[in-house]
Amino acid sequence: MNKNVDTKKIIISNPLKLDCGKEINNFPIAYETYGVLNSKKSNAILVFHALTGDQYVSGKNPITNKDGWWSYVVGENKPIDTNKFFVICANVIGGCMGSYGPSTINESTGKQIGTDFPIITINDMVNAQYELIKYLEIEKLFAVVGGSMGGMQVLQFVANFPDKAKLAIPIACTSSHSAQNIAFNELGRQAIMADSKWENGFYSNYKLNPDKGLAVARMAAHITYLSEKGLQEKFGRKLQDRDSLRYGFEADFQIESYLRYQGSVFVDRFDANSYLYITRAMDYFDLSKQYKGNLSDAFKKTKTKFFVISFTSDWLYPTSENREIVIALNSIGADVGFVEIESDKGHDSFLLDVPSFLKTLGDYINSTYKIINERRI
Amino acid sequence: MKEEFNIISNLIEENTRVLDVGCGNGDLMKFLQENKTKDIRGLEISKEKVQNCLSKGLTVIEGNAESDLKQFPKSSFDYVILSQTLQAFLNPELVINELLKVGKKVIVTIPNFGYWRVRLQLLFKGTMPVTENLPHAWYNTPNLHMCTIKDFYNFCSTKNIRIYKSIALKKSRISEINKSNLNYKNLDSHLGIFLIES
C-alpha cells in the first residue's frame, strides 16, 4: 500500500461512540469528490463502497493506477453523471485507504494500531461518514447509493438519518447478514489468522504481511462474487498455458490461475487486518434486530424514496433478501421501486458492464432528480 | 386507450393514493400523474416493462399480483386499478379479493367477451375470436379467463361486492351500465369499467 498519495482527509474531532462501547475521537476520514456542488447544494450523492472498495469511485485510482471501482456508474456522461451531480465517497472506518483503521499509526507508539483497533459496525461506519457530510455543509443529500456492503450502509444511513437523503438506492444487498454470508467471511478470516505471518494482527511491528492468508481469503470470496454459469462460460475446464495436464499442483486450469492472480493483486492493495474488521462489521449487520425484529420500524420516520435493485444470478445477496427490504418498506407505505436485473455475472454484476442495469439506474436517477426539482418549484 | 384512461381518471379523486396493478410501461400511471395525483405506484410482472417505468421515474415494483399484493397493508391505497389484466391471471377471484383488501376502492376494466363482434366470430367462423382488443390466437393468448360484462356484473352481486359505478365503452362512446340495460350493454360494448368496493 503506497501511502504517499495525496488523499483528501478530515479529522473528526467529535467523539464517536461505537457499538462495541468504545469511543473514538480525532480520527481521520479519507474521501474523494467528483463534480461540482451546485449553489443550492441539491445535487450531492453520497456513494458507499463495498468490502474491498475505497473512496476512488471514478477516474484513475491514484494508488492502484487502475480505473475507479465504479467507473461504469460514476463519471462524466455515466449513469451518475458528474457533469450534473456532486459525488462524494469516503473510505469506511476500519479501511486501509486513509480513514481510521487498523493500519493507522498510533502516534504515541509510532506503530500501527493492529488488532488493538476496536470492533466496528456498519452503524459506526455510517455515523462516521455523516460527520463528513456535516463538514461539507450539505443539509440534505439528493441520494445515497451503494452496492453490497455499500447497500447495507444505505439502509443504515436512512434509518439513522431519516431526513438527510431524498433518494436511497441499495443494490444487491441485505438487511441482515445470512449464515452463508457469515460462513464465507469466517473462512476468509481464518485463512488470514492461520497465516504464521499474521502475528495476532501485529505483523507490521515485525515488517511482515500475512499475504498468503489474505490471498486465500480473497480467492474464496471472489468465487462468491461470480455465478456458476459465468464461471463455466468464461473458464470451463480450459487449461492455462499448456496443452495437457501436468499431474501436479500447479495451476493447470485457467480458473486456478485466475484466482491466484486475483489473490496476488489484492494483497498489494489491501490490509489483512482491515479485511478482518470489515467482514466482521458485515456479519454483525442485522438492521431489523436493531429495531426489535421489525425491519419496517427502521424506516418509519423517513420520507426518503427507495429504489432496490437485485440481480438474477447473485447467490450471495439473492433477490429474496433484497425483496425483504421491499416488503418491509411496502408494509409501511414507503415509496419504493424494485427490479431484479437479468445478469449471469453474479454478485459482481453491480460493478460490471451490465447495460440494462446501467440504463435503468441512470434513467431512474436522472428522471427522479428532475421530478423532485420540479416539485420544489 | 385514451378513452379508458379518461374514464378511469374521472373515477379518481384528486391527490389520492393509487396503485396500478399490471401497470405495463406506465402509460396510465403517467397519465394519472399529470392529471390527478402524484402519489401513484405500480406493480408489474415483466422485467422489461418495470425497467421502462423506472426509467421514467415511476415508482414500480417487479412482482406478481397473485403473490405480491399481500405485502401491502389493508386499505393502504385509496384506489387500486386493474386495467384489462384480470383475464390473464390463473386465479382472478383471488386477485379481486387481494385488490379489495389493499384498496379502499378498486377500478377493474375488462375486455368484453360478450361484444357482438366477438360473438359473431365464434358463431359464424367457428373459431376463437381475434379482435383489435383481443389480438392473440387461442394458442398464444395470455388471456386465460375471458369474461363478459354480464359475467363480471353477476360475479360482483354473487360475492356481495358493491358496484359503485359501471361504465360501458364502445369505440369512444361512453354509457352507464345498469340492471335494466345489462343485456344490451353486454352485447354492444367492447370494454367494461367497474368501480367496486368490498
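The values are calculated or read from the model by the stated rules, or taken from the named source; none is laboratory data. Quantities reported herein were computed from a predicted structural model and do not represent experimental measurements. Positions of Cβ are backbone-derived with ideal geometry, glycine not excepted, and every protein chain shown enters the neighbour counts.
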Can residue A:115 be described as over 24 Å from residue A:158 (Cα atoms) and among the β-branched types (Val, Ile, Thr)?
-> yes
Criterion (touching a strand residue (DSSP E or B) at 6+ places or on another chain (Cβ under 9 Å) and surrounded by fewer than 24 Cβ atoms within 10 Å (Cβ to Cβ)) met by exactly one of A:182, A:171, A:133 | A:133
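Tell me yes or no: at least one residue of the stretch B:75-97 is within 14 Å of another protein chain (Cβ to nearest Cβ), assigned to a loop (DSSP other than H, G, I, E, B) and touching a residue at least 12 places away in the same chain (Cβ under 8 Å).
yes
Strands (runs of 3 or more DSSP E) wholly in the stretch A:1-99 with at least 3 residues that are crowded, with 16+ Cβ neighbours inside 10 Å - which ones?
Strands (runs of 3 or more DSSP E) meeting the threshold: A:27-34, A:44-48, A:86-90.
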Taking only the stretch A:339-348 into account, find how many residues are over 23 Å from residue A:305 (Cα atoms) and within 14 Å of another protein chain (Cβ to nearest Cβ).
-> 2
Going by the structure shown, is residue A:369 more than 22 Å from residue A:45 (Cα to Cα), in contact (Cβ under 8 Å) with a residue 60 or more places away in the chain and either of a type in the set (S, T, N, Q) or assigned by TED's automatic domain parsing to the domain that holds residue A:146 (or both)?
-> no
Please work out which residue is farthest from residue B:73 (Cα to Cα), limiting yourself to the stretch A:295-315 and to residues that are crowded, with 23+ Cβ neighbours inside 10 Å and not aromatic (Phe, Trp, Tyr).
-> A:314
Filtering the stretch B:1-31 down to residues that are buried (at least 22 other Cβ atoms within 10 Å of the Cβ), touching a Lys or Arg at 6+ places or on another chain (Cβ under 8 Å) and part of a loop (DSSP other than H, G, I, E, B) yields B:23, B:26
Among the residues listed as B:107, B:61, B:40, the single one being within 14 Å of the chain's Cα centre (by Cα), more than 24 Å from residue B:140 (Cα to Cα) and not polar (S, T, N, Q) = B:107
Failed condition for residue A:377, given (1) within 13 Å of chain B (Cβ to nearest Cβ); (2) modelled with pLDDT under 95, with all others met?
-> (1)
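Each row is one residue, and each column tells you yes or no for (1) modelled with pLDDT under 95; (2) more than 20 Å from residue A:327 (Cα to Cα); (3) of a type outside the set (Ser, Thr, Tyr); (4) touching a Cys at 6+ places or on another chain (Cβ under 7 Å).
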| position | (1), (2), (3), (4) |
| --- | --- |
| A:116 | no, yes, yes, no |
| A:119 | no, yes, yes, yes |
| A:137 | no, yes, yes, no |
| A:146 | no, no, yes, no |
| A:175 | no, no, no, no |
Scanning the stretch A:100-136 residue by residue, those in contact with a helix residue (DSSP H, G or I) (Cβ under 6 Å, 6 or more places away or on another chain), closer than 21 Å to residue A:268 by Cα and outside any helix (DSSP H, G or I) turn out to be A:101, A:102, A:111, A:112
Name, by its number, the condition in (1) facing chain B (nearest Cβ under 10 Å); (2) out of contact with any Leu (no Cβ under 6 Å at 6 or more places or on another chain) that does not hold for residue A:336.
-> (2)
Has the stretch B:15-23 got at least one residue that is within 13 Å of chain A (Cβ to nearest Cβ), over 24 Å from residue A:374 (Cα atoms) and in contact with a Phe, Trp or Tyr (Cβ under 9 Å, 6 or more places away or on another chain)?
-> no
Would you please name the residue that is surrounded by the fewest Cβ atoms within 10 Å (Cβ to Cβ), looking only at residues in the stretch B:33-50 that are within 8 Å of another protein chain (Cβ to nearest Cβ) and closer than 21 Å to residue A:334 by Cβ?
-> B:38
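Results for (1) farther than 19 Å from residue A:264 by Cβ; (2) assigned to a loop (DSSP other than H, G, I, E, B); (3) hydroxyl-bearing (Ser, Thr, Tyr), shown as yes or no for each residue.
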{"site": "A:166", "(1), (2), (3)": "yes, no, no"}
{"site": "A:174", "(1), (2), (3)": "yes, yes, yes"}
{"site": "A:187", "(1), (2), (3)": "no, no, no"}
{"site": "A:200", "(1), (2), (3)": "yes, no, no"}
Condition broken by residue B:163, with the remaining ones in (1) within 14 Å of chain A (Cβ to nearest Cβ); (2) part of a strand (DSSP E or B); (3) surrounded by fewer than 17 Cβ atoms within 10 Å (Cβ to Cβ) satisfied | (1)
The stretch A:349-362, subset facing chain B (nearest Cβ under 10 Å) and in contact (Cβ under 8 Å) with a residue 60 or more places away in the chain, residue farthest from the chain's Cα centre (by Cα) | A:359
